[in-house]
1. Using only helices, what value at 222 nm comes out for the chain when you add -39,500 (n - 2.57) per DSSP H run of length 4 or more and divide by the total residues, to the nearest 500 deg cm²/dmol?
2. Show me the GluC sites (Glu not before Pro) within region 79-157 that DSSP assigns to loop and that have at most 13 other Cβ atoms within 10 Å of their Cβ.
3. Report the Rg/Rh value for the chain, based on alpha-carbon coordinates and the Kirkwood definition of Rh.
4. Enumerate the whole-percent occupancy of each 5 Å bin, from 0 to the last occupied one, for all C-alpha pair distances of region 74-162.
5. May I have the convex hull volume per residue, in Å³, for the Cα set of region 112-151?
6. Rounded to whole Hz and in sequence order, give me ³J(HN,Hα) for region 13-18 from the Karplus expression 6.51 cos²θ - 1.76 cosθ + 1.60, θ = phi - 60°, writing x for Gly and Pro.
7. Just grab the label-to-label distance for GLU195 and ARG39, each label 7 Å out from Cα along the Cβ direction, in nm (one decimal).
8. Return the sequence-ordered ³J(HN,Hα) values of region 246-254 in whole Hz as given by the Karplus equation 6.51 cos²θ - 1.76 cosθ + 1.60 applied to θ = phi - 60°, using x for Gly and Pro.
Amino acid sequence: MIVDTQRELAWRQYLANVQFAQTYKAICQPTERGKNEIRRQRVLVTGFGRFIENRENASGRIVSSLVPGLEYPLIEPPIEGEIDDPAAQVSVTLSTIHLPGVGEVDVCAMILPVFWDLASFLVLSEANVFLPDVVLMNGIAGGAQPIWMELGSTNAAVARPDGSGILMPIETGTPLLSGLAEEERARGLLMSWDEVRAAAEARIGELAEETEDSGVTFGSILSGVRYAGYPRDSNTYLCNNTTFVVNYVLDHPNETVRLLEPSDRREGGPSGLDVTLDADLRDVPRDFIHWPSQLSESHVDRAAEVMETILGAQLGAAEPPTRGDATTADLE
């Protein structure tokens with residue numbers, strides 16, 4: 001993607017993001033197991049941190065509830081005229097959790113900065129060494145709603161500042177990955193859709209009447225599951241940016257793609273960020289889920305139970321994963 005770096009502050013933010021990416025070392029290095037030990041299944045799960053008015057991002061909070069030891073980065077926005085430090089907004093841990101019906105699984109859990117292209121770069125950096133069996137990315141949408149299981153992703157971005165409030169694409173509709181054929185504009189995600197949805201709906205139903213201290217029920221905030229279609233104009237922000245880039249690169253091992261291209265290159269400065277996936281993860285199920293932004297207090301823990309159910313259902317699915325079919329969408 002080409003980001004607008006014409007302003008001095010935007011260039012400084014751009015440099016900080018690229019330099020952080022270039023020095024980032026993957027944390028989720030799998031532990032070597034003994035010759036007679038069975039490899040545990042692995043999941044890579046992500047949520048976002050603070051952006052705009054959402055200092056408490058429910059998706060990041062849910063992931064930090066799911067995985068012991070993952071700290072949510074509770075930080076303030078930068079003062080006017082200062083850059084937003086990407087390193088302060090990244091939290092990653094490697095842990096082991098128990099999933100109902102599956103047992104012990106290794107999990108690479110990430111809280112990502114809401115930064116154009118940087119979020120997807122970080123996910124791919126971890127995936128390349130962790131070699132997950134499922135990738136589940138997460139973000140927020142409306143205050144109270146069903147969860148949206150995204151059926152696919154789109155090679156386009158909206159010209160809107162990211163969580164830094166500083167960087168943005170040069171124009172609405174700019175491709176996330178340049179040089180792709182028109183038929184690559186939309187790309188289905190890969191899941192055992194009906195099994196996962198049915199399991200999630202059942203768990204949400206079981207938790208629906210549980211209340212916070214305020215008396216608000218879980219079901220009044222999270223009301224079910226919907227398939228979200230693609231391409232759609234309402235999904236071209238950071239959630240889709242992360243989803244499309246990760247989805248495309250997982251499907252194209254050993255192909256180099258360029259991220260974070262500056263609109264105004266400067267002598268001696270970077271011209272982008274190249275990413276290549278060495279591992280062949282084309283068959284790995286992957287999805288992005290939008291959660292209600294109003295989830296808080298004990299309802300975050302209940303949402304984490306739903307997330308456990310989703311991961312367990314995919315790992316234990318009888319049906320093989322298939323590409324998301326936009327014609328099956330509940331939400332256009």
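Rule-based calculations on the coordinates, nothing more; no lab input. These numbers were taken from a predicted model, which means no experiment stands behind them. Every residue, glycine among them, receives a Cβ derived from its backbone with ideal geometry; neighbour counts consider all protein chains shown.
1. Details: 7 runs with 89 residues, N = 332.
Mean residue ellipticity, 222 nm, calculated: -8500 deg cm²/dmol.
2. Details: sites: GLU80, GLU82, GLU104, GLU126, GLU150; in loops: GLU80, GLU82.
Listed in order of number, the matching sites are GLU80, GLU82.
3. On the way: Rg = 19.0 Å, Rh = 20.0 Å.
A ratio of 0.95.
4. 2, 9, 16, 19, 20, 17, 10, 4, 1, 0, 0
5. Numbers: hull volume 4.1 nm³, N = 40.
It is 102 Å³ per residue.
6. 5, 4, 4, 4, 5, 5
7. That separation, rounded to one decimal, is 1.9 nm.
8. 4, 4, 5, 5, 4, 7, 9, x, 6
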